[in-house]
Amino acid sequence: MKPSVVLYKSLPDDLRQRLDQHFSVTEISGLTPENIAKYAEVLQSAEGILGSGGKVDGEFLAKAPKLRAASTVSVGYDNFDVDALNQRGVVLMHTPTVLTETVADTMMALVLASARRVVEVAERVKAGEWQSSVGPDWFGIDVHHKKLGILGMGRIGLALAQRAHFGFSMPILYNARKHHEEAEQRFDAQYCDLDTLLKESDFLCISLPLTEQTHHLIGQEQLAKMKPSAILINAGRGPVVDEQALIAALKDGTIYAAGLDVFEQEPLPSSSPLLELPNVVALPHIGSATHETRYGMAKDAVDNLIAALTGKVEKNCVNPQLLK
Ligand code: GLV
């Protein structure tokens with residue numbers, strides 16, 4: 001009998017067929033509390049789960065006693081309680097490589113859009129405000145040759161550094177848990193402490209996972225250290241930045257602007273003050289959202305689950321110690 005798998009994100013047809021070849025699949029619309037209650041019996045026998053979003057913690061695991069592997073269609077896995085998975089021996093798989101270049105493109109788009117006020121001025125053109133040649137109230141600030149600060153030098157940070165260094169002649173500063181030799185050698189990136197990064201960056205680009213250590217890492221005190229002309233870009237996880245402190249800093253001119261792909265609450269409520277600020281570019285968490293990359297992520301997630309449930313894991317595993 002094929003192992004039973006719960007799929008909680010729809011897949012392109014060919015990938016769904018591949019999953020069906022290996023497993024007996026039950027597709028549900030999401031790991032919501034309602035679905036978890038409704039599909040309690042299916043979860044009782046599930047050996048694998050595949051999808052994105054929804055909390056997978058000790059409480060969930062108690063409802064899935066046969067679970068052996070979880071495969072998330074994302075690089076981030078902050079919605080999984082990894083300690084609880086480890087205790088239960090559940091292998092966690094993710095998609096860390098396939099989305100790197102696409103997310104770095106999104107970050108560069110946010111850098112350009114927020115510095116040059118692309119969204120704001122395009123809206124003004126649509127509203128019929130372009131009546132004569134534009135004056136300083138339409139101007140933005142330069143991107144090229146400005147200092148780009150990267151907080152979190154992982155794969156995405158590295159791909160951003162490449163774009164900024166070669167494409168825009170930007171000096172790169174970075175702060176990370178450890179020195180990144182490749183970034184230093186290829187892109188002349190300079191390692192510095194967080195305070196220096198905050199003080200010197202013209203663009204502070206955050207590409208960090210959400211952990212206990214990174215939660216609200218950037219708050220009022222840190223924003224106050226930034227230049228009034230600086231722009232904050234966040235495309236990692238929303239709660240790394242204290243959003244209330246950011247709103248205040250954007251309102252009172254502590255910093256110039258922000259380009260955000262992630263928020264403390266997603267989807268961003270329509271009542272969020274961020275949406276009223278002209279100096280904010282807000283995107284709906286589209287870091288990896290291209291047809292090609294989302295297909296690649298789904299494919300990796302399917303391959304990851306097959307590898308995990310057939311004992312053939314070679315990569316993309318969050319807790320490889322369980323495989324030993
Ligand atoms: C997107 O946010 C991801 O973690 O893949």
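The values are calculated or read from the model by the stated rules, or taken from the named source; none is laboratory data. Quick caveat: nothing in here was measured; it's all calculated off a predicted structure. Every residue, glycine as well, gets a Cβ built from its backbone with ideal geometry; the counts of neighbours run over all protein chains shown. To get the accessible areas, we keep the full protein, side chains included, count just its heavy atoms, and leave off ligands, DNA and RNA. Shrake-Rupley method; radii C 1.70, N 1.55, O 1.52, S 1.80 Å.
Residue-wise test of (1) open to solvent by 70 Å² or more (accessible area, probe 1.4 Å); (2) assigned to a helix (DSSP H, G or I).
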| site | (1), (2) |
| --- | --- |
| Ser229 | no, no |
| Ile233 | no, no |
| Ile247 | no, yes |
| Val281 | no, no |
| Pro284 | yes, no |
Name the single residue, out of those in region 47-87 being open to solvent by less than 40 Å² (accessible area, probe 1.4 Å) and in contact with a Pro (Cβ under 7 Å, 6 or more places away or on another chain), that is farthest from Asn35 (Cα to Cα). Gly76
By residue number, the members of region 117-162 that are touching a residue at least 40 places away in the same chain (Cβ under 8 Å), open to solvent by 50 Å² or more (accessible area, probe 1.4 Å) and either of a type in the set (Gly, Ala, Ser) or farther than 23 Å from Leu275 by Cα (or both) are Lys146, Lys147, Arg155, Gln162
Within the bounds of region 70-92, is there any residue that is in contact with a Lys or Arg (Cβ under 9 Å, 6 or more places away or on another chain) and among the acidic types (Asp, Glu)? yes
Starting from region 56-85, keep only residues that are more than 16 Å from the ligand (Cβ to nearest atom), then list their pairs with residues that are in a strand (DSSP E or B) and open to solvent by less than 40 Å² (accessible area, probe 1.4 Å) whose Cβ atoms are within a distance under 6 Å, requiring at least 6 positions of separation or different chains. Ala69/Gly48; Ala69/Val91; Leu85/Leu92
Output for region 257-271, where each listed residue is open to solvent by less than 70 Å² (accessible area, probe 1.4 Å) and in contact (Cβ under 8 Å) with a residue 12 or more places away in the chain: Ala257, Ala258, Gly259, Leu260, Asp261, Val262, Phe263, Leu268
Would you check if there is a residue in region 29-45 being away from the ligand (no atom under 16 Å from the Cβ) and touching a Ser or Thr at 6+ places or on another chain (Cβ under 6 Å)? yes
Restricting attention to region 183-207, which residues are buried (at least 16 other Cβ atoms within 10 Å of the Cβ), in a helix (DSSP H, G or I) and of a type in the set (D, E, K, R)? Glu184, Glu200
Check on Ser288, away from the ligand (no atom under 12 Å from the Cβ) and either more than 19 Å from Leu210 (Cβ to Cβ) or assigned to a loop (DSSP other than H, G, I, E, B) (or both): no
Collect the residues in region 149-173 that are in contact with a Lys or Arg (Cβ under 7 Å, 6 or more places away or on another chain), closer than 12 Å to Cys205 by Cβ and in a loop (DSSP other than H, G, I, E, B), keeping them in residue-number order. Met170
The residue that is farthest from the chain's Cα centre (by Cα), considering only those in region 88-111 that are surrounded by fewer than 22 Cβ atoms within 10 Å (Cβ to Cβ) and either without any contact (Cβ under 8 Å) to a residue 12 or more places away in the chain or within 16 Å of the ligand (Cβ to nearest atom) (or both), is Ala109
